[in-house]
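Peer 1: First the structure, then my questions, so here it is.
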């Protein structure tokens, strides 16, 4: 498990697995935490959890229950992905990267709402322009 305080230094266990797989002719697509974050991320930064349309925050454990607008989600996933890429981009067992394959998990938190409102204002300028858009 990758710990928050040492992103990039907790991959030793994965080194051995990838080496063993490669030695046995097995290749992998290495998944990033984009779709399913580590538990420590949800525990340390609860704002990374998705809020449903019923305004109830999701619990850790499900897939695609993250808030894409959360600054903590974006920063920590970027850090982990960067470290994974630095460490494994040239590993012979890694033939591809799996960042996500599912749509869904829309978030309805205050951050997402305000981010969407800012986008609408930048795109349309006024409520009248938004209302008359096709």
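The values are calculated or read from the model by the stated rules, or taken from the named source; none is laboratory data. Given the structure is predicted, the values throughout are model-derived calculations rather than measurements. Here the Cβ is made from the backbone with ideal geometry for all residues, glycine too, and neighbour counts use every protein chain on show.
Peer 1: Spot the failing condition for residue 110; the list is (1) at pLDDT below 95; (2) more than 10 Å from the chain's Cα centre (by Cα), and only one is missed.
Peer 2: It fails just one condition, (1).
Peer 1: Give the number of residues within segment 116-126 that are farther than 23 Å from residue 106 by Cβ and either part of a helix (DSSP H, G or I) or touching a strand residue (DSSP E or B) at 6+ places or on another chain (Cβ under 8 Å) (or both).
Peer 2: At the first step, the residues of segment 116-126 found to be farther than 23 Å from residue 106 by Cβ are 125-126.
The next check asks that each one be either part of a helix (DSSP H, G or I) or touching a strand residue (DSSP E or B) at 6+ places or on another chain (Cβ under 8 Å) (or both); those that pass are none.
Within segment 116-126, residues that are farther than 23 Å from residue 106 by Cβ and either part of a helix (DSSP H, G or I) or touching a strand residue (DSSP E or B) at 6+ places or on another chain (Cβ under 8 Å) (or both) number 0.
Peer 1: Test each condition in (1) assigned to a helix (DSSP H, G or I); (2) more than 25 Å from residue 12 (Cα to Cα) for residue 134 and report the one that comes out false.
Peer 2: All conditions pass for residue 134, except number (1).
Peer 1: Against the conditions (1) within 21 Å of residue 46 (Cβ to Cβ); (2) in contact with a helix residue (DSSP H, G or I) (Cβ under 9 Å, 6 or more places away or on another chain); (3) modelled with pLDDT of 95 or more, where does residue 88 fall short? Just the number, please.
Peer 2: (1)
Peer 1: Assess whether residue 122 counts as being modelled with pLDDT of 95 or more, within 23 Å of residue 13 (Cβ to Cβ) and more than 13 Å from the chain's Cα centre (by Cα).
Peer 2: On the way: modelled with pLDDT of 95 or more: yes; within 23 Å of residue 13 (Cβ to Cβ): no; more than 13 Å from the chain's Cα centre (by Cα): yes.
No: the conditions fail for residue 122.
Peer 1: Pairs, please: C-beta under 7 Å, at least 6 apart or cross-chain, first residue touching a residue at least 40 places away in the same chain (Cβ under 8 Å) and at positive phi and in segment 58-73, second surrounded by 12 or more Cβ atoms within 10 Å (Cβ to Cβ) and assigned to a loop (DSSP other than H, G, I, E, B)?
Peer 2: From segment 58-73, the pairs are 64/35; 64/105.
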